[in-house]
């Protein structure tokens, strides 16, 4: 499993927003500049996050984006599933995937299931607040 640029950037942007969260809308161009991410690319990410009720946006003067939930209520797993679609290490474990004809006799399925639980458990156990609270420097996710 490999997390795409979209997933990594979404975590960086949300951490940036959580760190500066004062309940006001933050212009997307400011976030893009701080995170050195193309504004156009960032707009696509924000649309996904907005449709999923992670952020809310307002257009026009004084507009921008702000978190819709407190950072401690936004798990990294939720964000990555929004941007990546799935965290499953193999296709047969994707939600909604058809049951494999070989599942009953598959010698490797139990290992993939265990790995899938580890991945999802890890990211579901971490929140945006954890990213912000971890200290360190910039978000180089």
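The values are calculated or read from the model by the stated rules, or taken from the named source; none is laboratory data. Please read all numbers here as calculations on a predicted model, not as lab measurements. Using ideal geometry, Cβ is built from the backbone for each residue, glycine included, and neighbour counts are taken over all protein chains shown.
General remarks:
- Failed item in (1) under 15 Å from residue 68 (Cα atoms); (2) surrounded by fewer than 15 Cβ atoms within 10 Å (Cβ to Cβ), with residue 18 passing the rest: (2)
- Filter pass, residue 3 being modelled with pLDDT of 95 or more and surrounded by 12 or more Cβ atoms within 10 Å (Cβ to Cβ): no
- Check on residue 82, assigned to a loop (DSSP other than H, G, I, E, B), closer than 29 Å to residue 23 by Cβ and in contact (Cβ under 8 Å) with a residue 24 or more places away in the chain: no
- Among (1) more than 13 Å from the chain's Cα centre (by Cα); (2) touching a residue at least 40 places away in the same chain (Cβ under 8 Å); (3) surrounded by 15 or more Cβ atoms within 10 Å (Cβ to Cβ), the one test that residue 116 misses: (2)
- Residue 88 at pLDDT below 95, crowded, with 19+ Cβ neighbours inside 10 Å and farther than 25 Å from residue 17 by Cβ: yes
- Residues in segment 92-113 that are assigned to a helix (DSSP H, G or I) and surrounded by 11 or more Cβ atoms within 10 Å (Cβ to Cβ): 92, 93, 109, 111, 112, 113.
- Any chance residue 72 is farther than 27 Å from residue 44 by Cβ and surrounded by fewer than 18 Cβ atoms within 10 Å (Cβ to Cβ): no
- Extreme residue, surrounded by the fewest Cβ atoms within 10 Å (Cβ to Cβ), among residues of segment 26-61 that are out of contact with any helix residue (DSSP H, G or I) (no Cβ under 8 Å at 6 or more places or on another chain) and part of a helix (DSSP H, G or I): 40
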